[in-house]
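So the structure is just underneath, and the comments pick up after that.
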Amino acid sequence: MFNRFLTTAVVVALACTGLAPAAHAEEGGKSNAVRAEVGKPIQAALDLIKSKKGKEALAKVRDAEAVKDKTPYEAYLTERVKGQVYAASGDSQAAARSFEAAAGMAGAPATERGTMMTAAAGQYYGARDYSKASALASRAIKDGNTDPAMRTIYVQSLYLSADYAGTVKALAPEVQGKGRPSEESLQMLAQAYLKLNDQAGYAKTVEKLLTSYPKKEYWQSVIYDAKQRGGLGDRLALDLSRLQRATGTIKSAAEYEDAIALALQQGYPIEAKTVIDEGTAAKVLGQGAEADRHRRLADMTAKQLAEDKKTLGSQDAQAVAAKDGSAQVSIGFNYVLHGQADKGLAMMEAGIAKGGLKRPDDEKLRLGYAYYLAGKKAKATQAMKSVSGKDGAATLAGLWVIYLAQ
């Protein structure tokens, strides 16, 4: 469904300033002085990184490594800068190993260990060693590392290493908690549920995604998924097009043409005319080689609409007298389409209450849409929530509830 959820790999840029050759710091009463024979080549390496001279920078680091009897802090600083050189040169694996090693050294200041671990995990991620990245990030988080970048690396690495159950375990509490989850977290969780074939988890995540980030591209993906999962069938094709039109996701001439044809077949030329107008305004219909065919379709719709207006109301009494409410629902819906909302909605409600309907949930779905057209959002939501079952009508009604809440 969502194929663009992953962010660019987290790359931790460690500052190259403040590491003068004779740097001196105090931590817990311990002096972290750097002697000139170590500090000078280290500073030279940092300067060469800025000039994008990786090979020369690494040579300077080698000079620092060659110094004997380095203090723990000098050894740490040398390893850290070596990691920076590798990172700047694009050697992510080597950079990751150096940063990981630096984080575990006795001379590493406690305030910098977390930064080194985040840098190491980020470089493993950049090298596509996702198993190593997730393992390192997991260990760091358990040890109290609260860097948001570390959590990002951890979750994305779980997903990319195909640990979908782990991804769900990591993300579900965040999504289910209070507040607004990040868009990327919702996208990734939805994908993980799909990989696990957990439709219930997927549906809940998509609902939160659409509620929090109601983008057309998400609606397109969700509607496509609804089609693929089946249950809609030809009988709900027009209902599906109504949701597409509401969400602005009907795009192609073929989709507009299908909606027009279906509306005409079901006896709603006023709706077909509305679809034609929308398609024309969007500059999808009436364009190019198909312009003449679209014009003929519009002419046919106009003729049927003129006839429909003449006969509107002629079958009301017969519908009311019928044993079942099917005709009342259909005629009432047509009244709503013609702008007579109060009269039409009353007929639809009466028809549903009378019963005898072949597919009552389908009619409840259309009642909800009729209330939406009438501008009665609360009533529309109530009607959509009344649709039950496990087929396509319930699927569409659930999506309508999400849309109406936006």
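The values are calculated or read from the model by the stated rules, or taken from the named source; none is laboratory data. This structure is a prediction, so every number in the text was calculated from the model and none was measured. Cβ: placed from backbone, ideal geometry, glycine included. Neighbour counts: every protein chain shown.
Exactly one residue among Tyr125, Tyr202 is modelled with pLDDT under 90, of a type in the set (Phe, Trp, Tyr) and in a helix (DSSP H, G or I), and that residue is Tyr202. Note on the range 271-297: among residues that are buried (at least 19 other Cβ atoms within 10 Å of the Cβ) and more than 35 Å from the chain's Cα centre (by Cα), the one that is farthest from Leu238 (Cα to Cα) is His294.
Based on what the data block shows, is Ala119 over 30 Å from Ala44 (Cβ atoms) and part of a helix (DSSP H, G or I)? Spelling it out, it is not the case that Ala119 is over 30 Å from Ala44 (Cβ atoms) and part of a helix (DSSP H, G or I).
Here Gln244 fulfils each of the conditions (1) under 28 Å from the mean Cα position of the chain (by Cα); (2) modelled with pLDDT of 85 or more; (3) not in a helix (DSSP H, G or I) apart from (3). Within the range 331-338, is even one residue among the aliphatic types (A, V, I, L, M), closer than 27 Å to Glu257 by Cβ and more than 37 Å from the chain's Cα centre (by Cα)? Within the range 331-338 (the criterion being among the aliphatic types (A, V, I, L, M), closer than 27 Å to Glu257 by Cβ and more than 37 Å from the chain's Cα centre (by Cα)), the answer is yes, since at least one residue qualifies. Within the bounds of the range 301-322, is there any residue that is closer than 26 Å to Leu232 by Cβ, surrounded by 18 or more Cβ atoms within 10 Å (Cβ to Cβ) and of a type in the set (Gly, Ala, Ser)? No, there is no match, as no residue in the range 301-322 is closer than 26 Å to Leu232 by Cβ, surrounded by 18 or more Cβ atoms within 10 Å (Cβ to Cβ) and of a type in the set (Gly, Ala, Ser). Here Tyr125 passes the criteria (1) of a type in the set (Ser, Thr, Tyr); (2) within 25 Å of Ala33 (Cβ to Cβ); (3) surrounded by 19 or more Cβ atoms within 10 Å (Cβ to Cβ) except the one numbered (2). Within the range 171-187, the residues that satisfy the criterion of being among the acidic types (Asp, Glu) and within 17 Å of Leu210 (Cβ to Cβ) are Glu183, Glu184. For the condition of a type in the set (Gly, Ala, Ser), closer than 30 Å to Gly355 by Cβ and modelled with pLDDT under 95, Gly313 qualifies. Taking Lys227, is it among the charged types (D, E, K, R) and in contact with a Gly (Cβ under 6 Å, 6 or more places away or on another chain)? Taking the combined requirement at face value, the residue does not satisfy it.
Pick from the range 318-329 the residues that are more than 38 Å from the chain's Cα centre (by Cα) and in a helix (DSSP H, G or I): which of them is nearest to Tyr372 (Cα to Cα)? Step by step, filter the range 318-329, then rank; the result is Gln328. If only residues of the range 32-85 that are hydroxyl-bearing (Ser, Thr, Tyr) and part of a helix (DSSP H, G or I) are counted, the one that is farthest from the chain's Cα centre (by Cα) is Tyr73.
Return yes when Gly179 is surrounded by fewer than 18 Cβ atoms within 10 Å (Cβ to Cβ), at pLDDT 95 or above and assigned to a loop (DSSP other than H, G, I, E, B) and no when it is not. In short, no.
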